[in-house]
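The values are calculated or read from the model by the stated rules, or taken from the named source; none is laboratory data. Please read all numbers here as calculations on a predicted model, not as lab measurements. Cβ coordinates were reconstructed from backbone atoms using ideal geometry, including for glycine residues, and neighbour counts include every protein chain displayed.
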């Protein structure tokens with residue numbers, strides 16, 4: 001008998017990667033559960049409102065963020081559920097002490113026998129990764145699990161605003177650009193997303209540069225990696241593709257040594273997943289990979305799927321100290337998407 005034992009990355013590579021599909025609405029059944037985060041963006045309520053409009057009965061798990069942001073929509077979620085007679089369970093997620101939350105969420109979901117829909121529209125990137133890793137650890141893995149995602153209509157800042165801030169930073173080296181968050185609380189290393197590394201092993205930081213330059217600055221200062229891979233997001237719409245160039249300039253990517261750069265879609269998670277698999281194949285043996293999911297939410301989905309299979313990579317995250325005003329975040333509700341994770345449970 002010829003037995004072939006595949007490594008975790010080989011198992012992942014062999015699986016069919018389901019497509020992220022655009023949907024007009026979300027329809028659930030009484031046994032289904034929707035996991036929703038009470039964020040402050042307009043799109044945080046879009047999936048819940050869409051499902052309620054169909055008149056169906058289903059269950060809701062609402063994740064409340066701490067420290068509290070007054071503009072978060074927890075009361076709106078409660079009102080919608082009460083009006084539609086939907087049972088709701090509330091869980092608290094501390095952004096500054098996130099360790100172990102994946103297990104808390106899975107324990108809460110264990111009572112449900114229907115499908116699980118994870119609405120990532122209002123989730124932080126590190127929470128997306130934690131949740132996906134926890135889901136795959138269930139006996140049934142990703143079976144009957146779905147990712148729901150709603151795009152925004154408008155993603156601040158405008159090109160004019162971004163270029164004005166960039167010009168200020170170029171004329172004044174002490175000027176820091178803060179578009180969405182304000183400073184970094186700490187670089188978070190969640191124990192359940194950690195990996196073991198031998199002493200002396202060189203490290204490679206794989207990260208997704210963002211418009212807030214202090215995120216990359218904090219990662220570099222805290223981790224001091226030997227090498228870098230920058231995954232630069234390419235927005236799906238041509239009207240937003242200027243962001244890729246500005247982000248590179250804000251973070252001075254062309255001046256960072258020992259770095260490789262890759263351009264990957266912000267929406268098609270399969271591109272990010274394939275990139276991570278290639279990086280692991282090329283560097284995983286000789287270097288310890290530190291992955292920081294600071295890109296788009298669908299890129300964070302790819303990181304979560306990858307880490308749920310490949311456990312010898314370290315997830316790190318620059319937790320924001322605070323946030324700018326909610327009106328400076330995304331506005332409106334754009335296209336809605338659904339990703340079936342079931343094929344990733346195939347043996």
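Would it be correct to say that residue 271 is crowded, with 16+ Cβ neighbours inside 10 Å, without any contact (Cβ under 8 Å) to a residue 40 or more places away in the chain and within 28 Å of residue 47 (Cα to Cα)? So residue 271 fits the description; yes.
Of the residues 49, 17, only one is touching a helix residue (DSSP H, G or I) at 6+ places or on another chain (Cβ under 8 Å), surrounded by fewer than 21 Cβ atoms within 10 Å (Cβ to Cβ), modelled with pLDDT of 95 or more and part of a loop (DSSP other than H, G, I, E, B); which? Break it down into steps so the answer makes sense when it comes.
Values: 49 fails: part of a loop (DSSP other than H, G, I, E, B).
Testing whether each residue is touching a helix residue (DSSP H, G or I) at 6+ places or on another chain (Cβ under 8 Å), surrounded by fewer than 21 Cβ atoms within 10 Å (Cβ to Cβ), modelled with pLDDT of 95 or more and part of a loop (DSSP other than H, G, I, E, B) leaves just 17.
I'd like the full set of residues that are closer than 12 Å to residue 149 by Cα and surrounded by fewer than 21 Cβ atoms within 10 Å (Cβ to Cβ), limited to region 25-45. Once the filter is applied, which keeps residues that are closer than 12 Å to residue 149 by Cα and surrounded by fewer than 21 Cβ atoms within 10 Å (Cβ to Cβ), region 25-45 yields only 25. Among the residues of region 288-310, those identified as in a loop (DSSP other than H, G, I, E, B) and either within 19 Å of residue 227 (Cβ to Cβ) or at pLDDT below 95 (or both) are 293, 294, 295, 310. Summed over region 236-279, the residues that are farther than 15 Å from residue 292 by Cβ, modelled with pLDDT of 95 or more and within 18 Å of the chain's Cα centre (by Cα) give a count of 11. Could you tell me whether residue 293 is in the same structural domain as residue 216 (by TED's automatic domain parsing), touching a helix residue (DSSP H, G or I) at 6+ places or on another chain (Cβ under 9 Å) and more than 22 Å from residue 9 (Cβ to Cβ)? Spelling it out, it is not the case that residue 293 is in the same structural domain as residue 216 (by TED's automatic domain parsing), touching a helix residue (DSSP H, G or I) at 6+ places or on another chain (Cβ under 9 Å) and more than 22 Å from residue 9 (Cβ to Cβ). Quick check on residue 132: is it at pLDDT 95 or above and either more than 19 Å from the chain's Cα centre (by Cα) or over 17 Å from residue 65 (Cα atoms) (or both)? Taking the combined requirement at face value, the residue satisfies it.
Considering region 95-111, and only residues there that are farther than 26 Å from residue 320 by Cβ and surrounded by fewer than 16 Cβ atoms within 10 Å (Cβ to Cβ), the residue that is modelled with the highest pLDDT turns out to be 107.
Look through 246, 250, 201, 206 and report the one residue that is more than 14 Å from residue 296 (Cβ to Cβ), surrounded by fewer than 16 Cβ atoms within 10 Å (Cβ to Cβ) and touching a residue at least 12 places away in the same chain (Cβ under 8 Å).
Numbers: 246 fails: surrounded by fewer than 16 Cβ atoms within 10 Å (Cβ to Cβ); 250 fails: surrounded by fewer than 16 Cβ atoms within 10 Å (Cβ to Cβ); 206 fails: surrounded by fewer than 16 Cβ atoms within 10 Å (Cβ to Cβ).
Every option except 201 fails the conditions.
Count of region 75-94 residues, restricted to those that are in contact with a strand residue (DSSP E or B) (Cβ under 6 Å, 6 or more places away or on another chain) and crowded, with 18+ Cβ neighbours inside 10 Å, is 4. Comparison of 60, 104, 129, 69 shows that the only residue that is farther than 20 Å from residue 41 by Cβ and touching a strand residue (DSSP E or B) at 6+ places or on another chain (Cβ under 8 Å) is 104.
Assessment of region 311-325 against the conditions (surrounded by fewer than 22 Cβ atoms within 10 Å (Cβ to Cβ), at pLDDT 95 or above, more than 19 Å from residue 7 (Cβ to Cβ) and assigned by TED's automatic domain parsing to the domain that holds residue 223) yields no matching residue. Only residues that are buried (at least 16 other Cβ atoms within 10 Å of the Cβ) and either part of a loop (DSSP other than H, G, I, E, B) or modelled with pLDDT of 95 or more (or both) were counted in region 139-162, giving 15.
Does residue 83 satisfy the condition of being under 21 Å from residue 342 (Cβ atoms), at pLDDT 95 or above and not assigned by TED's automatic domain parsing to the domain that holds residue 281? No.
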